[in-house]
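Chemist: First the structure, which I've put down as structure tokens, then a few questions once you've had a look.
The values are calculated or read from the model by the stated rules, or taken from the named source; none is laboratory data. Given the structure is predicted, the values throughout are model-derived calculations rather than measurements. Don't worry about glycine lacking a Cβ; one is built from the backbone with ideal geometry, like all the others, and counts go over all protein chains shown. Note: accessible area is taken over every heavy atom of the protein model, side chains too, but ligands, DNA and RNA are not part of it. Shrake-Rupley method; radii C 1.70, N 1.55, O 1.52, S 1.80 Å.
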Amino acid sequence: MNIPEKSKNVIMNTYARYPIALVKGQGSYVFDEDGNKYLDFISGISVNNLGHCHPDIVAAVQNQAASMLHCSNLFWSEPQLNLAEKLVAKSGLGKVFFANSGAEANEGAIKLARKYFFDQGKESKNTIITMDKSFHGRTLATLTATGQDKVKVGFSPLMPGFKYVPFNDFAALKKAITPDVAGIMLEPVQGEGGVHPGDGEYLKKVRTLCDEKEILLIFDEIQCGLGRCGALFCYENYGVLPDIVTLAKALGGGIPMGAFIATDKVAASFGNGTHGSTFGGNPIAAAAGNQYLTILEKENIIDNVKIMSKYLQEKLKKIPSTKIVDVRGMGLLIGIEVSCGSGSIVQCCFNNGLLVLAAGADVVRLLPPLNCTKTQIDEAVKILEKAIMEDE
Ligand code: PLP
């Protein structure tokens, strides 16, 4: 069976896909339909953060599936409660709304920010400032929020109520503040836009500015959150608490799930009938997500992220290539900026059994499983080094 070729006839061609179909995942490795094995340093773009098919997550999914597959939000459900209790306790925020994806989580956060000021009689305070090179999703509001023109081409008219500033530039941000600004939304570490960590002093100043000007600070931690950057919430690394944080990707332990968590004060603006989702908080996703958070603690995963991050970055910095412009990132969200274009390196890695991805034209992005080992990092860096050194 040739899955890629047959699929092209019946599935829209929206993704630049690798020419293989994956059929099985096991820990840090995946297998294609011909039985080829790959070391997976993409992790489903930071979804399979514990590698593939962690037995405790598989068991949680199986157990939940046997008792209830879907529970309408007309009813309460225990898996949602358990996950929400954990998220609230660990985030320092007040209440959760469950969605199904990252774009939906961001869309909901934007709606909540607008509704919060509407409820105060400030309907015209509705603009959201986002950052150049940011990525917030593909729905109309979230692609408008995204600070990269390439995702917007062909989709006009875009949503009103957004403006953009360069990331990590406090003077530019301050200049953009007008009375209509309701929220500042940013990724503490930008992922898709080229792996750019936020500056610590900058984020602290943004928090103060938001407090002074009565603006909600929204952190999009869809890629950088949930342990990826060496803390459960990336903002813990900065000591800066947002008013709203958005999550997705790893949240459902591999099952689709998104969420946003807000302070009690802000969350109060989402009363009965203001927002909703048929599938949001699906019990299987919630049960798997619960298990994900349990394993993070039980297996000391965040300690492993810190150790492996240092090990990986040190090894990458030792690659003797003039093509490497920069190695940067946080935790296990790592970017290698290269002068030769990221595409050929990603391709060469693939040819040699390593899955990595690009973050723009010049950055090779590594998203290894958070429980990866030094041996796997050695294996990956050997292949990366070969790919980067080719034609040196
Ligand atoms: N926000 C960030 C930071 C992301 O990295 C992504 C996806 O890559 C999204 C939002 C959109 O998430 P989804 O694809 O689940 O809609």
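Chemist: For segment 71-132, run through the GluC sites (Glu not before Pro) and keep only the ones in DSSP coil with at most 13 other Cβ atoms within 10 Å of their Cβ.
Modeler: Glu123
Chemist: Just the number please: accessible area per residue for segment 1-62, 1.4 Å probe, all protein chains included, in Å².
Modeler: 62 Å²
Chemist: What's the longest bit of the chain with no exposed trypsin sites (Lys or Arg not before Pro), using DSSP loop states and at most 12 other Cβ atoms within 10 Å as the test?
Modeler: Here the longest run is 18-317.
Chemist: On to the next question. Report, in cubic angstrom per residue, the convex hull volume of the C-alpha atoms of the chain.
Modeler: 150 Å³
Chemist: For segment 1-96, with all protein chains present and a 1.4 Å probe, just round the carbon and sulfur fraction of the accessible area to a whole percent.
Modeler: 58 percent
Chemist: Kindly report the accessible area of segment 263-335 per residue (heavy atoms of protein chains, probe 1.4 Å, no ligands, DNA or RNA), in Å².
Modeler: Accessible area per residue, segment 263-335: 46 Å².
Chemist: Quick one: helix 55-67 against the long Cα principal axis of the chain, what's the angle to the nearest 10°, folded into 0 to 90?
Modeler: That works out to roughly 50 degrees.
Chemist: Here's another thing I want to ask about it. Report the percentage of all Cα-Cα pairs in segment 1-115 whose separation exceeds 16 Å, rounded to a whole percent.
Modeler: 76 percent
Chemist: Could you derive backbone 3J(HN,Hα) for segment 94-105 from the dihedral phi with the Karplus parameters 6.51, -1.76 and 1.60 (θ = phi - 60°), listing whole Hz in sequence and x where the residue is Gly or Pro?
Modeler: Here the 3J(HN,Hα) series is x, 9, 10, 10, 9, 10, 10, 7, x, 4, 5, 5 Hz.
Chemist: So which chymotrypsin sites (Phe, Trp or Tyr not before Pro) in segment 1-94 are both in a DSSP loop and have at most 11 other Cβ atoms within 10 Å of their Cβ?
Modeler: Hits after loop and neighbour filter: Tyr15, Phe75, Trp76.
Chemist: Tell me, what % of the accessible area of segment 132-288 is carbon and sulfur with a 1.4 angstrom probe?
Modeler: Its accessible area is 56 percent carbon and sulfur atoms.
Chemist: Per residue, how much accessible area does segment 167-211 show when a 1.4 Å probe rolls over the protein heavy atoms, in square angstrom?
Modeler: Accessible surface, normalised per residue, equals 37 Å².
Chemist: Please get the size of the charge dipole for the chain, origin at its Cα centre, with Cβ charges of +1 on Lys and Arg and -1 on Asp and Glu, quoted in debye to the nearest 20.
Modeler: That gives the chain a dipole magnitude of about 360 debye.
Chemist: Please go through the residue pairs Lys90/Lys265; Lys204/Lys318; Lys205/Lys315; Lys205/Lys265; Lys249/Lys310 and name each one whose alpha carbons sit more than 28 Å apart in this structure.
Modeler: Lys204/Lys318; Lys205/Lys315
Chemist: On to the next question. What's the angle, to the nearest 10 degrees (0 to 90), between helix 301-317's Cα axis and the longest principal axis of the chain?
Modeler: 60 degrees
Chemist: Still on this structure, please answer the following. Please identify the GluC sites (Glu not before Pro) of segment 185-248 that satisfy two criteria: DSSP loop assignment and at most 14 other Cβ atoms within 10 Å. Which are they?
Modeler: Glu214
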